[in-house]
Amino acid sequence: MIEVANLEKSFRKLKVLKGINISFNAGQVVSVIGPNAAGKTTLIKCLLGMVIPDKGAVLFEGKNIRNDDSYRKRIGYMPQIGRYPDNMKVGQLFKMMEDIRNIRDKSELDEELIDAFNLPSIFKNTMCSLSGGTRQKVSAALAFLFNPDVLILDEPTAGLDPESAEKLKSKILSVREKGKLILVTSHIMSEVAEISDSVLSLHEGKVIFYKPITEILSEMQEGRFSKAIIKLINQCQYVEDC
Amino acid sequence: MLKIAKYTVYDIIRNKVVLSYAVFLFVINTSLFMLDTDPSRSISSIMSVMLIVVPLVSIIFSTIFIYNSYEFIELLVAQPIKRNHILLANYLGVTASLTMAYLVGTALPLAVYAPGATGIYLIIIGVILTFIFTSLAFFGAVISRDKAKGIGMALLLWFFFSVIYDGLLIGFLFLFSDYPLEKPVLFITTFNPIDLGRISIMMKMDISALMGYTGAVYRDFFGTQAGMAYTLLLLILWAVVPLAIAVRIFRKKNL
């Protein structure tokens, strides 16, 4: 569904992405892991067209996304830190996003998360009065709202209380059942093991490995996923194309 | 695009700054009319205040506004909207709100105390200056990611056009006072939108007769239809060019 070909990006002298080749298929949850500054967010922003790569291309169903914005209709994005106009009320924000996307029929919308997080009770509050966690809930609900074919979630559960995080995770799994592609970045290995089918590991702008979870577990002969991952990362550190 | 502009306007109106801007202008202008029995003298004071306040408020408010809505722009960029539409919609929203405040604060007292051609001209120039300095603010904010740097740059631009430029001009006149400089000065003023605005309003006032020989040269040029068209064209260029460059940069910017 999404293909990334030979993607390179540097910010001034710092090379953030050093030639990335991967493809993501529908119906799977892919977790993107890696230490801080590995290039996870930059990769995601390239997919969204927010960062423009120096070299290489991102193809959405075979079409280059450069100078094309229509593919974004089919993407839901939840940023790491969501910030919104301070004076806007939560309800107005949702209305505005529906308006921008020209949604007239409410039945097209997926409002499950809005209800699960009980957001209608804060519809009258302004955005600047919300706590960090509540903002995350709003961001999450917005990402899922338009029934997108691809969901890109940047550290979705960071800052959420355990109950809400659980709700979000089960939502991710139920959306996968509908044959959608979900990309998640995360630092929490138990979460990665719980929700994802494959793991993409980045380190210093390069792909270390991109493998299904079941394969990782059987190859490493470890019962626990977090141990297996660390073993694999250590093993792959000095090997090209692990 | 208009939809986003509409929401920008809603957001700004709820912000108290624009409201206080309107009230401030209204109070100053009304009291200037009340202080003087001759409305034409009041208009020239209003002009002086306007030429300082409108550029300053436009450039500073717009700069701060863009930096504060950076993350929101990020969110919009991830939506199926063209990038240049996002920036232009924000520009429209900001200029529309500032213009509304300016009209309430200036056009209202002018219409009550001194209705006439000069007043209308003053209002038009004020609106154009709002567009020009908002455009410069967008240009600055797109170039620099750092908020403090951006606001500093905005202040510097305003200070340059309001004070430094005229100072340099006077220095230049003084240095070459032995030469006939009317024509070069005419040309040099076109590089400062505030001066352009000031001259074109003064041409509509009776006091231009008091400006002596230079005033006569000005009148010869700016007073004519062609001169007015030239001024207007230059002012529009001052609004369009920085914005166009800003849009070009923004289309390729990493967010």
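The values are calculated or read from the model by the stated rules, or taken from the named source; none is laboratory data. If you're wondering where the values come from, they're calculated on a predicted model, not measured in any experiment. Glycine also receives a Cβ, built like all others from the backbone with ideal geometry; neighbour counts cover every protein chain displayed.
What's the number of the only condition in (1) within 11 Å of chain B (Cβ to nearest Cβ); (2) surrounded by 15 or more Cβ atoms within 10 Å (Cβ to Cβ); (3) out of contact with any helix residue (DSSP H, G or I) (no Cβ under 7 Å at 6 or more places or on another chain); (4) of a type outside the set (F, W, Y) that A:L59 fails to meet?
(1)
Looking at the stretch B:53-96, which of its residues are within 22 Å of B:V27 (Cα to Cα) and out of contact with any Phe, Trp or Tyr (no Cβ under 9 Å at 6 or more places or on another chain)?
Of all residues in the stretch B:53-96, those within 22 Å of B:V27 (Cα to Cα) come to B:53-61, B:95-96.
The one that is within 22 Å of B:V27 (Cα to Cα) and out of contact with any Phe, Trp or Tyr (no Cβ under 9 Å at 6 or more places or on another chain): B:A96.
Take the stretch A:73-96 and flag every residue that is modelled with pLDDT under 90, in contact with a Leu (Cβ under 9 Å, 6 or more places away or on another chain) and closer than 21 Å to A:V150 by Cβ.
Listed by number, the residues that qualify are A:P79, A:G82.
Tell me the helices (runs of 4 or more DSSP H) entirely within the stretch B:117-196 that contain at least 3 residues that are surrounded by fewer than 20 Cβ atoms within 10 Å (Cβ to Cβ) and aromatic (F, W, Y).
Helices (runs of 4 or more DSSP H) meeting the threshold: B:165-175.
Mind checking which residues of the stretch A:62-83 are buried (at least 16 other Cβ atoms within 10 Å of the Cβ), more than 8 Å from chain B (Cβ to nearest Cβ) and touching a residue at least 24 places away in the same chain (Cβ under 8 Å)?
Those that are buried (at least 16 other Cβ atoms within 10 Å of the Cβ), more than 8 Å from chain B (Cβ to nearest Cβ) and touching a residue at least 24 places away in the same chain (Cβ under 8 Å): A:R74, A:G76, A:M78, A:Q80.
Among what's in the stretch A:84-101 and is within 9 Å of another protein chain (Cβ to nearest Cβ) and without any contact (Cβ under 8 Å) to a residue 40 or more places away in the chain, pick the residue that is nearest to B:V9 (Cα to Cα). Can you show your working first?
Pass one, the stretch A:84-101, residues within 9 Å of another protein chain (Cβ to nearest Cβ): A:84-88, A:92, A:96-97, A:99-101.
Filter once more, keeping what is without any contact (Cβ under 8 Å) to a residue 40 or more places away in the chain: A:88, A:92, A:96, A:99-100.
Working: A:M88: 11, A:Q92: 14, A:M96: 13, A:D99: 15, A:I100: 15 Å.
Step by step, filter the stretch A:84-101, then rank; the result is A:M88.
Taking helices (runs of 4 or more DSSP H) that do not extend beyond the stretch B:1-81, which have at least 1 residues that are within 12 Å of chain A (Cβ to nearest Cβ) and over 30 Å from A:L151 (Cβ atoms)?
Of the helices (runs of 4 or more DSSP H) lying wholly inside the stretch B:1-81, those with at least 1 residues that are within 12 Å of chain A (Cβ to nearest Cβ) and over 30 Å from A:L151 (Cβ atoms) span B:2-14, B:16-35, B:39-68.
To keep it simple, each residue is scored yes or no on (1) closer than 19 Å to A:G179 by Cα; (2) crowded, with 17+ Cβ neighbours inside 10 Å.
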{"site": "A:P120", "(1), (2)": "no, no"}
{"site": "A:G132", "(1), (2)": "no, no"}
{"site": "A:A143", "(1), (2)": "yes, yes"}
{"site": "A:D154", "(1), (2)": "no, yes"}
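Restricting to the stretch A:1-56, and then to whatever is in contact with a Phe, Trp or Tyr (Cβ under 9 Å, 6 or more places away or on another chain) and not aliphatic (A, V, I, L, M), can you tell me which residue is surrounded by the fewest Cβ atoms within 10 Å (Cβ to Cβ)?
A:E3
Scan the stretch B:226-255 and report the pairs whose first residue is more than 14 Å from chain A (Cβ to nearest Cβ) and of a type outside the set (G, A, S) and whose second residue is outside any helix (DSSP H, G or I) and surrounded by 14 or more Cβ atoms within 10 Å (Cβ to Cβ), with Cβ atoms within less than 7 Å and a gap of 6+ or a chain change.
Pairs found: B:L234/B:T190.
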